[in-house]
Amino acid sequence: MSLFQDNLQYTHWLPPEVINLQEASDSSDVGRLEQSAVRIPTFWPDRPSLWFAQAESFFVLSNVTSERTNFNYVISQLEYRHVAEVEDIIIEPPTDEPYTTLKSELVRRLSSSRDQRVR
């Protein structure tokens with residue numbers, strides 16, 4: 001049994017927002033286990049750039065550096081209409097920089113939607 005599997009048996013009772021277990025994606029850290037607790041607020045569609053700035057502060061404080069983990073945290077805080085806005089990215093996440101792509105596209109698409117409503 002790997003360290004990852006061993007650790008899961010002792011933490012399976014914790015709610016997902018309290019602990020996140022993942023194997024590091026960096027090749028120099030293969031097999032290393034990262035544990036972190038991150039509680040980010042529900043997404044603010046009227047101020048997406050500000051929301052991402054705050055979420056990134058939580059990621060830094062919790063030592064979460066994985067693009068994929070950040071991507072998953074963001075998805076978990078989106079309401080249906082915002083998930084639908086970036087459905088293509090969620091269904092087929094890019095292998096390189098999934099969080100960065102999701103962030104830039106969500107901000108861009110919500111900004112253009114807001115601009116169209118104002119007109």
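For this structure, a couple of remarks:
- Restricted to the stretch 59-106, and to residues there that are basic (Lys, Arg) and under 13 Å from the mean Cα position of the chain (by Cα), the residue that is farthest from residue 43 (Cα to Cα) is 68.
- Those residues of the stretch 52-61 which are over 14 Å from residue 71 (Cα atoms) and either in contact with an Asp or Glu (Cβ under 7 Å, 6 or more places away or on another chain) or not aliphatic (A, V, I, L, M) (or both), in sequence order: 54, 57
- Every residue from the stretch 47-106 that is surrounded by 12 or more Cβ atoms within 10 Å (Cβ to Cβ) and in a loop (DSSP other than H, G, I, E, B): 47, 62, 64, 65, 66, 77, 78, 86, 93, 94, 97
Read-outs: derived from the displayed coordinates by stated rules, not from any lab. Fair warning: this is a prediction, and the values are worked out from it, not measured in the lab. Backbone-built Cβ (ideal geometry, glycine too); neighbour counts: all protein chains shown.
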